[in-house]
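Structure, as structure tokens:
The values are calculated or read from the model by the stated rules, or taken from the named source; none is laboratory data. The structure presented is a predicted model; accordingly, all values stated were derived computationally and were not measured. Glycine also receives a Cβ, built like all others from the backbone with ideal geometry; neighbour counts cover every protein chain displayed.
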Amino acid sequence: MTAAAGMDETSLRALLERAVADEPAAGPIVSRSVEAGVRLRRRRRVRGGVVCAAVVLAAGVAVPALRTGSRQAPAAGFAVPPTLYVTAVYDGNVAPAGAVTPISVGTGRVGRPIEAGQANSIISSPDGRTLFVASNVSSWVRPISTVTRAVGPAIMVGREPVAMAITPDGKTLYVADVASDTVTPISVATNTAGPQITVGPVPDDIVITPDGKRAYVLCTGSGGPQQDGTVMVITTATDAVRRVATIAGASFGQMVLVP
């Protein structure tokens, strides 16, 4: 590599100005050639940035916006090969533990399973760096790093966690505990559980609004001749709970929130 090749745009311009300081003024052909060279260097730097970003994002790391010279290129426009993570619980008569298996959506390649215990439910943090798996047998939630594959210690929640939802800012994970009629909030920064929030009987599902201010919980064990269900809402700032609606005959169910 030559010395000029390692220079930034400002240094290159200064070198050219010094080199032609005593020369006659450049004509339009020379001027356009210099500008074309500068533009070519810019394109090469941008292309190099795209390649690096694709490699880092494929590794599961959220990359901030890239800087190319004085301009900023957002990382959001890059295609990221997604990975599917599948929980599988072994039969107790065969093996004592379960696993989370990564599968490349782009290639179909199955990765080495991550031993995480008897995990049934799974959810990802918004940035994709952390998975959370829940065991409805042992009543815990564990974090798993998608970067290092490290499995964190068990975070004890209510009895039989069956559903999870995480706030859009990635700060709080909410776990629906079907056998204790509660929802357990977990601080993602510290991996610690807060006080359990009592909701209705048999909370089966939970969703969070895009602004993170409310968590809706579907409870399907409210009794009655038709086993009516209820939809409860938790105000996340205060953990206050109120009933939203009664769903006739809802002995099972799921929810989806369309903004």
Checklist entry - Residue check: is Thr184 surrounded by fewer than 17 Cβ atoms within 10 Å (Cβ to Cβ), among the polar types (S, T, N, Q) and touching an Asp or Glu at 6+ places or on another chain (Cβ under 7 Å)? => result no
Item to check | Hey, Ala95 surrounded by fewer than 14 Cβ atoms within 10 Å (Cβ to Cβ), modelled with pLDDT under 90 and part of a loop (DSSP other than H, G, I, E, B) or not | outcome: yes
Item to check | Thr130 surrounded by 18 or more Cβ atoms within 10 Å (Cβ to Cβ), of a type in the set (S, T, N, Q) and in the same structural domain as Thr182 (by TED's automatic domain parsing) | outcome: yes
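This table checks each residue for (1) surrounded by fewer than 16 Cβ atoms within 10 Å (Cβ to Cβ); (2) free of Cβ contacts under 8 Å to residues at least 40 places away in the same chain.
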| site | (1), (2) |
| --- | --- |
| Thr198 | yes, no |
| Gly212 | no, no |
| Cys219 | no, yes |
| Arg243 | yes, no |
Checklist outcome for this item: How many residues of the range 164-202 are part of a strand (DSSP E or B) and modelled with pLDDT under 95? The answer is 0
Checklist entry - Quick one: is Pro168 exposed (fewer than 14 other Cβ atoms within 10 Å of the Cβ), under 30 Å from Met232 (Cα atoms) and touching a residue at least 40 places away in the same chain (Cβ under 8 Å)? => result yes
Item to check | Residues satisfying the stated conditions in the range 104-117, i.e. more than 16 Å from Thr130 (Cα to Cα) and either surrounded by 13 or more Cβ atoms within 10 Å (Cβ to Cβ) or touching a His at 6+ places or on another chain (Cβ under 7 Å) (or both) | outcome: Ser104, Gly111, Gly117
Next on the checklist: Leu218 - would you say it is within 27 Å of the chain's Cα centre (by Cα), closer than 17 Å to Ala165 by Cα and in the same structural domain as Ile123 (by TED's automatic domain parsing)?
Outcome noted: yes
Checklist entry - Yes or no: Val157 among the aliphatic types (A, V, I, L, M), touching a residue at least 60 places away in the same chain (Cβ under 8 Å) and in the same structural domain as Asn120 (by TED's automatic domain parsing)? => result no
